[in-house]
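Enquirer: Shown below is the structure under consideration.
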Amino acid sequence: MPKPLPDNCQFYIERKLRVSEYQMPGLEAATDHYELGYSVSGDRIFITPTTTYTLHSGEVGTIPPFLYHKNGPASDAPYDRFLIKFTLEFIKPFTDRLGKQALEQIYAYPSHRFTPPLQTKIFHLFDDMLQVYQCDSIYSEFRLQCMLFELFLLILEESLPQRNEAYHPTSLTPPIIDALYYIENHYSESISLDIAAHIAGFSSGHFSRLFQSQLGKSYSEYVTSVRLKHVKELLLTTNKSITEIALDTGYSHASNLTEQFKKKIGMTPLSYRKANK
């Protein structure tokens, strides 16, 4: 569980820099606060009972109370991020004026994207909040509220359309989340169902049935979808050859990747790169 807010504390902010390989040791869920983060650098895979998504640098991520989650690396960049924790009492002036639905709208999506100029503005807003939080002033709480409410309005008014996050058909149990976390971090390797079942703590047969019931697809189908997701990212963000991408994403040969990509996506990897890059 993440650390609760200290007694009589309604707001907290920090900035931490970690190595790119940093992984959360286990599932966490806040019980007394909302979380709002800004990724300065590094890309992170988040898995919750309802969603699997990637938080990229320059994006704002949201975690409401009681939502178990786990995150791990999705790139080689150092993991540099701001994290804000706040209570409902702290933002009461905001919800009194705009209603609880405004907050719910912000937390309806796990991440929010912005144009580069707004990313710079949001970075400075987080940085200013950290400086105000660290100074000793009788006006600090009021200034922090004003800046946090400005951030809320930027999210409500300026965030870009959502990407296609993977929303799970049913709420995932912690053992299945652990298995998905393993898949996301080892998709480039040979990851058999037996290994994933062992990580989840079940027999292979029970795990296979549980996986199918919660994800709506078989284990092998899910692994393929994860690999192809990363294939598409590499096609659009690098100049690597199809052979290099195949080896990076768990395929033994470029022909295997091309065959599966065409079957699932409807075109060859090179055609996809040409059409979308």
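The values are calculated or read from the model by the stated rules, or taken from the named source; none is laboratory data. Not measured: the values here are computed from a predicted model. Counting neighbours? That spans all protein chains shown, and the Cβs are built from the backbone with ideal geometry, glycine included.
Enquirer: If I filter region 1-37 down to residues being in contact (Cβ under 8 Å) with a residue 60 or more places away in the chain and hydroxyl-bearing (Ser, Thr, Tyr), which single residue comes out as surrounded by the fewest Cβ atoms within 10 Å (Cβ to Cβ)?
Expert: Among residues in region 1-37 that are in contact (Cβ under 8 Å) with a residue 60 or more places away in the chain and hydroxyl-bearing (Ser, Thr, Tyr), the one surrounded by the fewest Cβ atoms within 10 Å (Cβ to Cβ) is 12.
Enquirer: For region 230-245, name all the residues that are under 28 Å from residue 212 (Cα atoms) and free of Cβ contacts under 8 Å to residues at least 12 places away in the same chain.
Expert: 233 - this is the single residue of region 230-245 that is under 28 Å from residue 212 (Cα atoms) and free of Cβ contacts under 8 Å to residues at least 12 places away in the same chain.
Enquirer: Then there's this: Name the single residue that is farthest from residue 54 (Cα to Cα) among those in region 179-198 being crowded, with 17+ Cβ neighbours inside 10 Å and in contact (Cβ under 8 Å) with a residue 24 or more places away in the chain.
Expert: Pass one, region 179-198, residues crowded, with 17+ Cβ neighbours inside 10 Å: 179-184, 187, 191, 193, 196-197.
Checking which are in contact (Cβ under 8 Å) with a residue 24 or more places away in the chain leaves us with 179-181, 183-184, 187, 191, 193.
Numbers: 179: 17, 180: 13, 181: 12, 183: 14, 184: 11, 187: 15, 191: 21, 193: 24 Å.
The qualifying residue farthest from residue 54 (Cα to Cα) is 193.
Enquirer: Another question about this same structure. Which fully enclosed strands (runs of 3 or more DSSP E) of region 1-119 have 2 or more residues being over 16 Å from the mean Cα position of the chain (by Cα)?
Expert: Numbers: elements: 11-18, 34-41, 44-47, 51-55, 60-63, 70-73, 79-86.
Correct list: 11-18, 79-86.
Enquirer: Looking only at region 146-160, decide whether some residue is part of a helix (DSSP H, G or I), among the aromatic types (Phe, Trp, Tyr), more than 21 Å from the chain's Cα centre (by Cα) and surrounded by fewer than 18 Cβ atoms within 10 Å (Cβ to Cβ).
Expert: Our first condition is that a residue be part of a helix (DSSP H, G or I); within region 146-160, this holds for 146-158.
With the extra rule that they be among the aromatic types (Phe, Trp, Tyr), the set shrinks to 149, 152.
With the extra rule that they be more than 21 Å from the chain's Cα centre (by Cα), the set shrinks to 149.
Filter again for surrounded by fewer than 18 Cβ atoms within 10 Å (Cβ to Cβ), leaving 149.
Yes, region 146-160 contains at least one residue that is part of a helix (DSSP H, G or I), among the aromatic types (Phe, Trp, Tyr), more than 21 Å from the chain's Cα centre (by Cα) and surrounded by fewer than 18 Cβ atoms within 10 Å (Cβ to Cβ).
Enquirer: A further question follows. Would you confirm whether any residue within region 38-49 is buried (at least 21 other Cβ atoms within 10 Å of the Cβ), more than 23 Å from residue 180 (Cα to Cα) and not assigned by TED's automatic domain parsing to the domain that holds residue 233?
Expert: Yes, that holds for at least one residue.
Enquirer: Could you count how many residues in region 178-216 are of a type in the set (S, T, N, Q), more than 23 Å from residue 71 (Cβ to Cβ) and not in a helix (DSSP H, G or I)?
Expert: 3
Enquirer: For region 218-234, which residues satisfy the criterion of being surrounded by 13 or more Cβ atoms within 10 Å (Cβ to Cβ) and over 21 Å from the mean Cα position of the chain (by Cα)?
Expert: Within region 218-234, 218, 219, 221 meet the criteria.
Enquirer: Consider residue 102 carefully, then state whether it is closer than 23 Å to residue 153 by Cα, without any contact (Cβ under 8 Å) to a residue 40 or more places away in the chain and of a type outside the set (Lys, Arg). Don't jump to the end; show me each part of the working.
Expert: Numbers: closer than 23 Å to residue 153 by Cα: yes; without any contact (Cβ under 8 Å) to a residue 40 or more places away in the chain: no; of a type outside the set (Lys, Arg): yes.
In short, no.
Residue-wise test of (1) touching a helix residue (DSSP H, G or I) at 6+ places or on another chain (Cβ under 9 Å); (2) assigned to a loop (DSSP other than H, G, I, E, B).
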position	(1), (2)
228	yes, no
233	no, no
239	no, yes
247	yes, no
251	yes, yes
256	yes, no
260	yes, no
264	yes, no
273	yes, no
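Enquirer: So if I check each of 237, 170, which one is surrounded by fewer than 18 Cβ atoms within 10 Å (Cβ to Cβ), among the β-branched types (Val, Ile, Thr), farther than 30 Å from residue 99 by Cα and at pLDDT below 95? Before the answer, list the steps.
Expert: Numbers: 170 fails: farther than 30 Å from residue 99 by Cα.
When all the criteria are applied, what remains is 237.
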